[in-house]
1. Here are some residues: 277, 312. Which one is outside any strand (DSSP E or B), touching a residue at least 24 places away in the same chain (Cβ under 8 Å) and open to solvent by 10 Å² or more (accessible area, probe 1.4 Å)?
2. Quick check on the range 69-90: of everything there that is under 23 Å from residue 202 (Cβ atoms) and assigned to a helix (DSSP H, G or I), which residue is least open to solvent (accessible area, probe 1.4 Å)?
3. Of all strands (runs of 3 or more DSSP E) completely enclosed by the range 181-235, which ones contain at least 3 residues that are of a type outside the set (A, V, I, L, M)?
4. Being surrounded by fewer than 21 Cβ atoms within 10 Å (Cβ to Cβ), part of a loop (DSSP other than H, G, I, E, B) and free of Cβ contacts under 8 Å to residues at least 12 places away in the same chain, is that true of even one residue in the range 94-115?
5. Go through the range 146-204 and report how many residues are of a type in the set (A, V, I, L, M, F, W, C), touching a residue at least 24 places away in the same chain (Cβ under 8 Å) and open to solvent by 50 Å² or more (accessible area, probe 1.4 Å).
6. Six or more apart or on different chains, Cβ atoms under 9 Å: show the pairs whose first residue is in the range 231-257 and without any contact (Cβ under 8 Å) to a residue 24 or more places away in the chain and under 11 Å from residue 382 (Cα atoms) and whose second is small (Gly, Ala, Ser) and open to solvent by less than 10 Å² (accessible area, probe 1.4 Å).
7. Mind telling me which of the residues 333, 359, 384 ends up being within 19 Å of residue 286 (Cβ to Cβ) and not basic (Lys, Arg)?
8. With respect to residue 485, is the statement that it is within 25 Å of residue 291 (Cα to Cα) and touching a residue at least 24 places away in the same chain (Cβ under 8 Å) true?
Amino acid sequence: MDRRRFLQVAASLPLASSSASSFVSSVHAESTPFDRSIVRQMARDAASKPFKAPDSRLPDNLKNLDYDRYRAIRFLPERALWRGEKLPFEAQFFHRGFFFAPRVDIYEVANGQATRIRYRSEYFSFGNTPPPSPEVDLGFAGFRLHAPINRRDYYDEVCVFLGASYFRAVAKGEIYGLSARGLAIDTGEVKGEEFPLFKTFWIEKPTANANSIVVHALLDSESATAAYRFTIRPGESTAFDVEMAIYPRVNLDHAGLAPMTSMFFFGPNDRIDVDDFRPSVHDSDGLAIFNGKGEELWRPLSNPRDLQMSSFSDLNPRGFGLMQRQKNFFAFQDIESNFEKRPSLWVEPIGDWGEGSVQLIEIPTKEEIHDNIAAFWKPKSALQAKGEHTYTYRLHWGPDTPKATALARFSRTGVGKRGDTKIFVLDLIGENLKSVDPNTIKGNVIAEKAEIRNVVTQPNPATGGWRLSFELALKDKNPIELRASLMQGDDAISEVWVYRWTP
């Protein structure tokens with residue numbers, strides 16, 4: 001899939017304006033009772049039966065739409081759900097077609113009743129594509145939610161659920177970047193990845209003074225079903241409280257929980273064979289981990305020459321995420337893409353997740369349009385068939401992790417060649433660095449089966465932080481695992497930088 005086109009398509013519909021009429025409620029189907037237990041029961045029942053592929057049939061005039069014709073099909077903002085009701089949220093819907101052929105049913109939940117929102121062609125403008133017959137009920141491809149997060153009189157797009165089990169969100173002042181997913185199955189495995197999909201959504205109607213909105217979702221795939229409850233709170237940092245129950249049809253040996261996907265094309269640590277006017281191009285620049293032992297790790301991302309898979313074993317992780325730490329325009333110099341405005345995504349497990357590992361997959365790419373980075377939590381033991389496996393976690397979309405750390409953090413990783421060695425230049429920032437005695441600071445660098453030379457630490461007056469540099473002797477062409485931290489005496493005053501250098 002052309003990732004940049006995917007994002008452009010998802011963002012192509014016009015935003016709501018304040019003068020439009022309300023959503024036409026008379027087209028709603030018959031209501032049925034609804035509570036949070038119903039979706040789990042539906043997932044449990046579906047898991048006891050063979051998987052049924054989603055309905056991807058479309059009228060002839062909507063089959064095989066190209067990008068431009070699909071993008072011209074726009075939801076009319078005056079048809080937004082709850083428009084004109086002075087509620088804190090509105091919903092708009094996506095048409096089926098192009099990459100998004102599977103039918104998705106969407107319900108509104110109000111007063112304990114679920115009412116299916118019936119598709120009508122009059123909700124959309126179609127450009128040069130003839131609209132389908134008014135009698136045809138196609139369902140939708142997905143939806144997006146709007147709320148006033150940047151200013152009180154305008155409903156900004158906050159999040160979107162579109163395509164398989166993908167969803168993404170922004171916080172105040174941000175634009176879309178990386179994506180999350182409901183569930184990953186066999187990601188990075190030789191036999192190929194399975195892509196579960198959200199087939200049904202239930203959106204709870206918010207009250208007039210609500211600061212959150214609840215979305216329920218039913219997921220299905222060849223190997224498993226799952227039920228979700230998302231509580232979404234937009235703001236300076238947009239939070240998703242996620243309650244998930246998975247019902248495997250078969251043993252899931254390679255399940256990925258809280259999965260996310262992003263793009264890293266090049267940066268100061270990795271721009272081999274790149275001829276580009278921009279210093280960096282990426283939606284995320286590193287994987288951060290706060291593990292169960294209390295360690296804080298930072299793993300800069302790379303665009304490898306060959307597929308790379310990294311595993312960080314843990315017990316009851318405290319958090320992990322793909323971060324965009326670089327927030328300066330001059331690090332990217334891209335007026336159109338504004339990579340410095342892309343959000344970071346942090347996963348905060350709620351409760352004990354047991355043994356497992358944070359998995360990082362880095363896929364080679366020669367273009368920035370591809371999502372080539374994946375990260376998720378992989379349980380150590382398989383999720384057993386015919387069982388119920390529940391997890392709760394909070395997703396934080398925003399400029400940083402939800403809680404500030406007392407440790408200095410690595411803000412930039414630069415890599416270059418010096419004779420027969422590689423030189424690494426690591427910049428650190430943090431409040432604790434402003435008052436340290438320079439005579440007590442030293443760098444601690446460890447390499448697996450390699451020689452480290454010329455470790456130097458010095459203040460960086462341009463950033464108000466410190467710089468740690470060292471040289472790595474190149475004796476062979478095998479990958480080398482590296483760890484580095486800044487020490488004051490015997491105490492670490494920084495997070496741990498971990499890196500795999502590959503020839």
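1. On the way: 312 fails: outside any strand (DSSP E or B).
Just a single option satisfies the conditions, and that option is 277.
2. For the range 69-90, the residue satisfying everything is 77.
3. Counting at least 3 such residues, we get 197-204, 224-233.
4. Checked against the condition, which is being surrounded by fewer than 21 Cβ atoms within 10 Å (Cβ to Cβ), part of a loop (DSSP other than H, G, I, E, B) and free of Cβ contacts under 8 Å to residues at least 12 places away in the same chain, the range 94-115 yields at least one hit.
5. 2
6. As it stands, the answer is none, since no pair meets every condition given.
7. Values: 333 fails: within 19 Å of residue 286 (Cβ to Cβ); 384 fails: within 19 Å of residue 286 (Cβ to Cβ).
Answer to the check: 359.
8. Yes: the conditions hold for residue 485.
The values are calculated or read from the model by the stated rules, or taken from the named source; none is laboratory data. Predicted model, so just to flag it, every value in this text is computed and none were measured. A quick note on method: Cβ atoms are made from the backbone with ideal geometry, for glycine too, and the neighbour counts reach across all protein chains shown. Areas reflect the complete protein model, heavy atoms only, side chains present, ligands, DNA and RNA absent. Shrake-Rupley method; radii C 1.70, N 1.55, O 1.52, S 1.80 Å.
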